[in-house]
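Bear in mind these aren't lab numbers, they're just calculated from the coordinates by the rules spelled out. Small disclaimer: the values here were computed from a predicted structure and weren't measured. Backbone-built Cβ (ideal geometry, glycine too); neighbour counts: all protein chains shown.
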Amino acid sequence: MTHALLLVGSPRGKKSTSTSVGSYLLNILDKKGLETDTLWITRQLADDEKLSQMLNAVDHADIIILTAPLYDDCQPYIVIRTMEAIAAQRKNLGYKRFIPIINCAFQEPEHITAVAISIYHKFATTVGFKWAGSLAIGGGEMLQGKSGKTLDEIGKMARKVKKVLERIADALAADNSFPDESVRAVPDFLYKPFMKKVLAWMNKYDWKSRAKKNGGVVDARPYSQ
Ligand SMILES: Cc1cc2nc3c(=O)[nH]c(=O)nc-3n(C[C@H](O)[C@H](O)[C@H](O)COP(=O)(O)O)c2cc1C
């Protein structure tokens, strides 16, 4: 039986967009008859025993799905640590398929595809994984993973992302690769010029009031004279 392992690379752990996206995909694979398992990297790095448990799980999997957020245009530290550990082990990895599914806060998935996907690709080819495609999700916070909600629970907002995940599940279950794709979680109507202005205003208001609450002087220009 084909075994799919989901590695969740969000430091937020279970309540994260990486978890909700990964769980949605894994549930479909499960229904399609694949054997599935999930590990949260942040827990597996707690000690050597848990780390070797994660490396063994990678050893036994046929498909490795990595879901993670984008941090500073790159990988979070816990994901880098995991990639290094897998690379150091490098056992029987040749037949395994690897697919990273990365989400970021900015609406444009280009923040992910510009650098991070190439790093994942380099990692995959270095350890000998077969690249099974990738997905870059812009506007990941719209999926409300940090509140612990599933994609089904948040309704229409997740529609676009769910459709792509369903296509990924079809491809993985049929032993096919998936192309490198991008999707914006943000609904298209929010991209109308008027809505962009409203959102920019709301963001500015939010940042300013948060700064004020924390004693920040947002209009300060200490170096202007
Ligand atoms: C330290 C840090 C760095 C981040 N860097 C970026 C970034 O470069 N670009 C971006 O769009 N979002 C960035 N984010 C936001 C996360 O990618 C975003 O909140 C994501 O939806 C979190 O996913 P998760 O719930 O799976 O952890 C950053 C967040 C943190 C905490």
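Under 5 Å between amide hydrogens, built in the peptide plane, is the criterion, and for Ser134 it picks out Asp180, Glu181 among residues at least 5 positions away or on other chains. Here Asp72 and Met1 are evaluated by their C-beta separation; at R0 = 45 Å the FRET efficiency comes out at 0.70. Taking other Cβ atoms within 10 Å as a rough exposure proxy, Val217, Val8, Val115, Val183 sort from fewest to most as Val217, Val115, Val183, Val8. As a calculated quantity, the FRET efficiency between Ile80 and Phe194 at R0 = 35 Å, using C-beta atoms, amounts to about 0.30. Sequentially through the range 186-203, phi angles give Karplus couplings (6.51, -1.76, 1.60; θ = phi - 60°) of 5, x, 4, 5, 6, 8, 5, x, 5, 5, 4, 5, 4, 5, 4, 5, 4, 4 Hz, Gly and Pro residues having no value and appearing as x. Using C-alpha pairs under 8 Å with a sequence gap of at least 6, the mean separation divided by the residue count of the range 123-179 gives a relative contact order of 41 percent. Once C-alpha pairs closer than 8 Å and six or more residues apart are averaged by separation and normalised to the residue number of the chain, the relative contact order reads 20 percent. The modelled label-to-label distance for the pair Asn203/Leu55, using points 7 Å beyond Cα in the direction of Cβ, is 4.2 nm.
Can you give me the angle between helix 17-31 and the longest principal axis of the chain, using Cα atoms only, in degrees from 0 to 90, rounded to the nearest 10? Relative to the chain, helix 17-31 is tipped by roughly 30 degrees.
Counting only alpha carbon atoms, the long axis of helix 159-173 and the longest principal axis of the chain meet at about 20°.
Taking the number of other C-beta atoms within 10 Å as the exposure measure, put Val21, Val218 in order starting with the fewest.
Sorted ascending by nearby Cβ count, the order is Val218, Val21.
Applying a threshold of 28 Å to the alpha-carbon distances of Lys96/Lys156; Lys160/Lys192; Lys50/Lys162; Lys50/Lys122; Lys32/Lys160 flags Lys96/Lys156; Lys50/Lys162 as lying beyond it. Taking the fewest neighbouring Cβ atoms within 10 Å as the starting point, the ordered list for Ser16, Ser182 is Ser182, Ser16.
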